[in-house]
1. Please determine whether any residue of segment 24-32 is among the hydroxyl-bearing types (Ser, Thr, Tyr), in a helix (DSSP H, G or I) and free of Cβ contacts under 8 Å to residues at least 24 places away in the same chain.
2. Could you tell me which of the residues LEU149, LEU108 is surrounded by 19 or more Cβ atoms within 10 Å (Cβ to Cβ), more than 9 Å from the chain's Cα centre (by Cα), within 16 Å of ASP20 (Cα to Cα) and at pLDDT 90 or above?
3. Can you tell me which condition ARG40 does not meet? The list is (1) open to solvent by 60 Å² or more (accessible area, probe 1.4 Å); (2) closer than 20 Å to LEU115 by Cβ; (3) modelled with pLDDT of 85 or more, and all the others hold.
4. Restricting to segment 47-90, what's the tally of residues that are open to solvent by 70 Å² or more (accessible area, probe 1.4 Å), within 23 Å of VAL119 (Cβ to Cβ), part of a helix (DSSP H, G or I) and of a type outside the set (Lys, Arg)?
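The values are calculated or read from the model by the stated rules, or taken from the named source; none is laboratory data. For clarity, every value in this text was computed on a predicted model and none was experimentally measured. Note that each Cβ is placed from the backbone with ideal geometry, even for glycine, and that neighbours are counted across all protein chains shown. Note: areas computed on protein heavy atoms with side chains; ligands, DNA, RNA excluded. Shrake-Rupley method; radii C 1.70, N 1.55, O 1.52, S 1.80 Å.
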Amino acid sequence: MSTIEISLKYKDQNLGSYIDFMTAGDDYISKMVAITGLKRNQLLNVPMANLEKSVTAYVQNLRADEKEFNKFITIDGIKFGFHPNLKTVTFGEWLDCIEFSKSYPNNLDRLMAVLYRPVTSELNDVYTIEEYDSNKNEHYAKYMRKVKLPLVNGCMLFFSTLTNDLLSNFPEFLEEEINKLKKELEVLQKEEQP
């Protein structure tokens, strides 16, 4: 078997490998498949001591916890932008963020796909991203699996700030939405009256 070189530097690890590694349980072969991208049968002849050493080194390097934030990332030729105004997050975006964060790290790619979406227009420092559609989330999550971990950590720092802001402002938001619905209902009721 030929030599396999693995970068254990935190900045080189991507979200997909991290999710696969963290969800592999205690199976060293599955963990190595996640780290290397190789197939199980390619790893079956690797000495167990090498597997344990590699997995231990990978875990140690995950503790680096580097953070980096970029409002734009390009993956496979698609320019994604971080949500440009967290104060305008829709209720659907917020619900999906909360739901995806419950099963950490399994849906971290889907959470990232809520916060980063394709850029639809850009002028100087002002940009818009594709309107959120939960039906497209899984498609974009596949791209997010390629994002490097320091960027994911930077994004999660913003997300935790967003969550705290939304939780503190949610009662006011809900009251505004209820008042809007009441007004719409009143208009509909008036239209129905002869």
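1. Step one: of segment 24-32, the residues among the hydroxyl-bearing types (Ser, Thr, Tyr) are 28, 30.
Filter once more, keeping what is in a helix (DSSP H, G or I): 28, 30.
From what is left, the residues that are free of Cβ contacts under 8 Å to residues at least 24 places away in the same chain are 30.
Yes, segment 24-32 has at least one match.
2. On the way: LEU108 fails: more than 9 Å from the chain's Cα centre (by Cα).
After applying the criteria, what remains is LEU149.
3. Among (1) open to solvent by 60 Å² or more (accessible area, probe 1.4 Å); (2) closer than 20 Å to LEU115 by Cβ; (3) modelled with pLDDT of 85 or more, the lone unmet condition for ARG40 is (2).
4. 1
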